[in-house]
Structure formats: structure tokens, C-alpha cells
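The values are calculated or read from the model by the stated rules, or taken from the named source; none is laboratory data. Since the model is a prediction, treat every value here as computed from it, not as a measurement. All Cβ positions, glycine included, derive from the backbone under ideal geometry; neighbour counts span all protein chains shown. Quick note on the areas: whole protein, heavy atoms, side chains included, nothing else; ligands and nucleic acids left out. Shrake-Rupley method; radii C 1.70, N 1.55, O 1.52, S 1.80 Å.
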Amino acid sequence: MKAIAISRPGGPEVLQLIERADPVAGVGECLIAVEAYGINRPDVLQRKGAYPPPAGASDLPGLEVAGRIVAGDAAALAEAGLTIGDAVCALVAGGGYAQLCTAPVAQCLPVPAGWTMAEAASLPETFFTVWSNVFERARLASGESLLVHGGSSGIGVTAIQLAKAFGARVLVTVGNAEKAAACVKLGADVAINYREQDFVAETKAATGGRGVDVILDMVAGDYVARNVLCLADDGRAVIIAVQGGVKAEFDAGQVLRRRLTISGSTLRPRSLAFKAGIARALRERVWPLLAERRIAPVIYRELPAAQAAEAHALMESGEHVGKIVLSW
């Protein structure tokens, strides 16, 4: 098969098109003929040598794919209601940048009716992440408010649409007016340009001084202290990346007095059972919304599969709104 490998830690140019032996599906797995794959921030970190794959995972980058099942564990497929030839998208721990990829059957979901493979490939990583952190960990409920840092990212556009679909009010931070407009078009109630506005003051103003119930934070660093100020009493902030640094200093007295929760999580190293639980919840609660197009894919650019280096450079430029997807 053809695949995109990381030749050495470095910039986008270290991604190289190679040929490699076809992978073989093991117990509980299926083999997917990949038609499209998504680009995610962890792929960039892995390319730089800062985020090695978990033990047992492929050394090839790529956390989400869409394609057709060509082989696999018959019993696992039958239990999941899947069969050879079915169109699926899947969350994987690595190996997505290839023409063939193995995936746990429990982490495969059917391609929503009417969706292209490129659209389906944009789903798994962000939808698993947002559902796990916003709805399960932070327990966002209808009528509550959510602040998303990085509203125009793949995670951000997913969080906006899911939160609105389940009855929440959504605020986002973005880096320019164009991204703000794009987020509002997707359903965000308030878009704050963090380069020109104080997001703490704007969040307080937009909520009548109360603050938001939930924050989804991909920045960390000095944002943690400001998140504390943005939260309403009993508010919950979830950190899912540390683009702003791993160290933070904040007013712990506010956390105590106002019963705040600051937590965090990573998805890639979690157990199969954990990810399978998210997949079941998504299929029951979210996939019907996708089939109805109440939630739509947001693909900034689709490129040929071999142009992974260009896709990484585009992601690092920060100009994109939504997902970057590559197709074989």
C-alpha cells in the first residue's frame, strides 16, 4: 500500500510518500480501504517528535479515516451490525495516513447517509473529543452556556454545532473578524476576537455578569486563570490541549468559594472500552442529526492524499476554518 510516513522529526517536508506492507486486522478489528483521512493537531505534534503514538499503535500518523471495510474479525463485525463492503468512518490510534488502515470495530461508525467519504473523514476525532469532554466530562445541559477557545478549529466548529443542537448557548474566541463571522454563521451566539477584545470582559458582558457554565480550552497556560474568571458558580472548565503552555497560576480561592471544576483529558491513549462507549453514544445521540444534516461538515480544504506536507503547513498557518481532509 501507499502511505505517508514521518521520515524524521521536523517540519511538514519530513512527511514522505512511501510503500509499506499491507496491515492485517487482528481480533476485534477490521481492515479499511481508506478513501479519505483527516488532519488533526496531534498529527502535527507527532511529526515534530513531541507526541509519540501509544504502545502497539502504528507509527504512521493519522487518527481518523473513512472508507470501506475489506476484511476483519467476522464475529466483531456481526456484533456491530457491519459487514464487508460497508462504508464507515473510524477513530484510530495511528496509521490513518495510508491506503489501508486497521481499526477496532467498536470505533467504527457508518458513513451518514448522503455524506461523501471526505465529509465522513472529518468526523471521528473531533466528534469523539467534543462528546467526551463537553457532554460527558463537563455535563453540558440544555439551557446552559459554553465558551469554546479556538472556535474556528475543527474541534471548535464541532463544539458549536453539537452544543447548539442540544440547546446550549455558545460563545467562542477567535483570532480575526473572518473567523468570527464563520462561527456565527455556524450558530455561535457570541464571537470574541481575542486579539482585539478581552475575552473575560466580553464573556461577563454577554452573560449579564454571571459567566458561562462550561469552557472547552485548547490553550491552557495563562488562559486557566482567565477561565476561572469566566466561569459561573459551579462552572466546569475542561482542558484538552496545552498550546499556550503547561504551567498556570490561578486564584484557587475562587475555585473553592464558587465550587468550580477544572479538569482535562486526552483521547488517544484511552482504552478501547472507553472509546467504544463514546462511539455508542454518538451513534445513538448524534448520528441521526448528521443524517438529517442538522449538523454539517465544515471542510476548509480537501487535498490529494499525497499532499500531507501541504496540509500540515496549512494547519500550522492557522488560516483554516474547520477541517483539512485528504483523499486518495
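Do we find a residue being under 21 Å from E125 (Cβ atoms), among the aliphatic types (A, V, I, L, M) and either in contact with a strand residue (DSSP E or B) (Cβ under 8 Å, 6 or more places away or on another chain) or surrounded by 20 or more Cβ atoms within 10 Å (Cβ to Cβ) (or both) anywhere in segment 219-236?
Scanning segment 219-236 turns up at least one residue that is under 21 Å from E125 (Cβ atoms), among the aliphatic types (A, V, I, L, M) and either in contact with a strand residue (DSSP E or B) (Cβ under 8 Å, 6 or more places away or on another chain) or surrounded by 20 or more Cβ atoms within 10 Å (Cβ to Cβ) (or both).
Could you check how many residues of segment 122-160 are of a type in the set (K, R) and open to solvent by less than 10 Å² (accessible area, probe 1.4 Å)? Even if it seems obvious, please write down each step before you answer.
Keep residues of segment 122-160 that are of a type in the set (K, R), which gives 137, 139.
Checking the rest, the ones that are also open to solvent by less than 10 Å² (accessible area, probe 1.4 Å) come to none.
So the answer is 0.
Test L303 against the stated conditions and say whether it is out of contact with any Leu (no Cβ under 7 Å at 6 or more places or on another chain) and open to solvent by less than 30 Å² (accessible area, probe 1.4 Å). Step through it out loud before you land on a result.
Values: out of contact with any Leu (no Cβ under 7 Å at 6 or more places or on another chain): no; open to solvent by less than 30 Å² (accessible area, probe 1.4 Å): yes.
So L303 fails the test.
Restricting segment 257-278 to residues that are closer than 13 Å to N133 by Cα, among the aliphatic types (A, V, I, L, M) and open to solvent by 20 Å² or more (accessible area, probe 1.4 Å), which is modelled with the highest pLDDT?
I262
T116 passes all but one of (1) polar (S, T, N, Q); (2) surrounded by fewer than 22 Cβ atoms within 10 Å (Cβ to Cβ); (3) more than 20 Å from F127 (Cα to Cα); which number fails?
With (1) polar (S, T, N, Q); (2) surrounded by fewer than 22 Cβ atoms within 10 Å (Cβ to Cβ); (3) more than 20 Å from F127 (Cα to Cα) applied to T116, the lone miss is (3).
Based on what the data block shows, is A305 more than 17 Å from the chain's Cα centre (by Cα), closer than 29 Å to A113 by Cα and aliphatic (A, V, I, L, M)?
Numbers: more than 17 Å from the chain's Cα centre (by Cα): yes; closer than 29 Å to A113 by Cα: yes; aliphatic (A, V, I, L, M): yes.
Yes.
Can you give me the ranges of the strands (runs of 3 or more DSSP E) entirely in segment 13-91 with at least 1 residues that are within 19 Å of C108 (Cβ to Cβ)? Before you say what the answer is, go through the steps one by one.
Values: elements: 15-19, 29-38, 64-72, 87-91.
The strands (runs of 3 or more DSSP E) meeting that bar are 29-38, 64-72, 87-91.
State all residues of segment 182-233 that are without any contact (Cβ under 8 Å) to a residue 12 or more places away in the chain and under 23 Å from the mean Cα position of the chain (by Cα); if no residue qualifies, say none. Before you say what the answer is, go through the steps one by one.
Restricting attention to segment 182-233, the residues satisfying the condition of being without any contact (Cβ under 8 Å) to a residue 12 or more places away in the chain are 184-185, 196-198, 201, 205, 208-209.
Scanning segment 182-233 gives V184, K185.
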